[in-house]
1. How large is ³J(HN,Hα), in whole Hz, for each residue of the range 90-102 in order, when computed from phi with the Karplus curve 6.51 cos²θ - 1.76 cosθ + 1.60 and θ = phi - 60°, using x for Gly and Pro?
2. Obtain the nm distance between the two label points defined at Ile98 and Arg137 by a simple spin-label model: each point lies 7 Å from its Cα along the Cα-to-C-beta direction.
3. If you average the sequence gap of Cα pairs under 8 Å that are 6 or more apart and divide by the length of the range 26-92, what percent do you get for the contact order?
4. What is the packing order of peptides 54-60, 10-16, taking the mean over residues of other C-beta atoms within 10 Å and listing the highest first?
Amino acid sequence: MRHGDKINNLGRKKAHRDALLANLACNLIEHKRIVTTLAKAKALRIYVEPLITKSKKNETHQRRVVFSYLKDKEAVKELFDVISAKIAGRPGGYTRIIKLGTRVGDNAETALIELVDFNEIYGKGKTEKKEGAKRTRRAGGAKKKAEATEVAPAAEATTPETPETTEQQPG
């Protein structure tokens, strides 16, 4: 029985699974986005997000802990130098998984997993938030409706009325 066993074994033994996730994590750190199966992407997110959190604290001990998982000096260097500087203000949720559909050969669900702060497409329209400003979803709709009804009649009253002129074209 697998009561409380939440890890996805991915059809592999522990050593093989650890090597697979370490290689996927190194590739994700190096390329900032990779395409893999949906199950591997979900397992990779659970594996790599704590490592990214550890990289926020740039200390020798944290580097050694991350290196014990990744076993790749270049990936550790990239993680601590480039990625940690960019995600410093983010409290979590460093990766995004986008489903791509099924693969032709074996009908496996594929997905794109990417680092959120390194996507230029989604980040273009965003503006910087103020430090003290917090957004809530409560009671915003009623205020907007009230303001819209007050502004609309005032806007109509200020526009000057122009008589319609009809021009006759020769011919």
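No lab work stands behind these numbers, since they all come straight from the coordinates. What you see is a predicted model, and the numbers here were worked out from it, not measured in a lab. All Cβ positions, glycine included, derive from the backbone under ideal geometry; neighbour counts span all protein chains shown.
1. 8, x, x, x, 7, 10, 10, 10, 10, 6, 10, x, 9
2. Here the answer is 2.3 nm between the modelled labels.
3. On the way: 35 pairs, mean separation 25.6, N = 67.
Dividing the mean separation by the residue count of the range 26-92 yields 38 percent.
4. Numbers: 54-60: 14.1, 10-16: 10.3.
Descending packing order for the listed peptides: 54-60, 10-16.
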